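Below is one structure, written out as structure tokens; the observations come after it.
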Amino acid sequence: ETAYQPCKVFFEQQAKIRRDNLEKRILLVTQLETYLSVQQWGMEDAGTEVAETQTIDPSAVDALLNTAIKRWRSYAPFERAGNQPVQREFDQKIALIKAKLAAHYQKNAEIKRQLIDQVQKLVDEEDNRHAVDAAKRLQAQWKITGTALRKDEQVLWRTFRKGCDAIFEKRQQQTEEFKIELDANKN
């Protein structure tokens, strides 16, 4: 009994740390749940998302995910038996946030593909002045459209830029031809 006394105090302190960390994990899951409810993510209305038009700040969501995961890992050791349902809830919340972020990136990529299609149609247009004006409007739309996944974003941008460059090169070529014609008339 006397020899076990120091160990008993230590084990009681460890049990308290485990309980506290489990409570912190439960609180973190509650905070994620609150965040999701404020964002209205995960709420579905006849198969369509309620917050369809809501914009997402991907960097803020990424920061939230990274912070949540770091905190989750820092709350250790914990009671294993009590942690299992909390772990499932945490994983579900994180997966839901990641899915929403992925859907946001996918939606932006689709918008950018539509802009690319429009630019490709403008390349073949006869009225180059109209094509240039339309290309400039499409470039402005590109800027306000959110980002896609990094790997997709670079490919989409190169394709879009190639179409815009073709339109502007065509304008430059027409300008050069017009200058040559003016010089010929002048002579």
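Quick one: order Ile144, Ile56 from most to least accessible surface, probe 1.4 Å. Could the numbers behind the result be given before it?
Working: Ile144 145, Ile56 25 Å².
Greatest to least solvent exposure: Ile144, Ile56.
I'd like to compare 103-109, 167-173, 1-7: which one has the highest average count of other Cβ atoms within 10 Å, and what's the full order after that? List each step's numbers first, then the result.
Values: 103-109: 17.0, 167-173: 14.6, 1-7: 7.4.
Sorting 103-109, 167-173, 1-7 by mean packing, highest first, produces 103-109, 167-173, 1-7.
Could you tell me which label, among (1) 53, 34, 30; (2) 132, 39, 27; (3) 115, 41, 19, carries the value of Cα extents along the principal axes in Å calculated for this structure?
The listed entry that was calculated here is (3).
Sticking with the crude label model, points 7 Å out along Cα→Cβ, report the distance from Gln114 to Asn187 in nm, one decimal please.
Reported label-point gap for Gln114 and Asn187 is 5.1 nm.
Say R0 is 35 Å: what FRET efficiency, to the nearest 0.05, do Gln154 and Glu89 get from their beta-carbon distance? The partial results should precede the final answer.
Values: r = 36 Å, r/R0 = 1.03.
Efficiency for this residue pair is about 0.45.
With springs connecting C-alpha atoms under 10 Å apart, model the chain as a Gaussian network and identify which of Ala135, Ala15, Ala102 has the largest mean-square fluctuation.
Ala15
The values are calculated or read from the model by the stated rules, or taken from the named source; none is laboratory data. Because the structure is a prediction, the values reported are computed rather than measured. Here Cβ is always computed from backbone atoms with ideal geometry, including for glycine, and neighbour counts include all displayed protein chains. Side chains included, ligands, DNA and RNA excluded: accessible areas come from the protein's heavy atoms. Shrake-Rupley method; radii C 1.70, N 1.55, O 1.52, S 1.80 Å.
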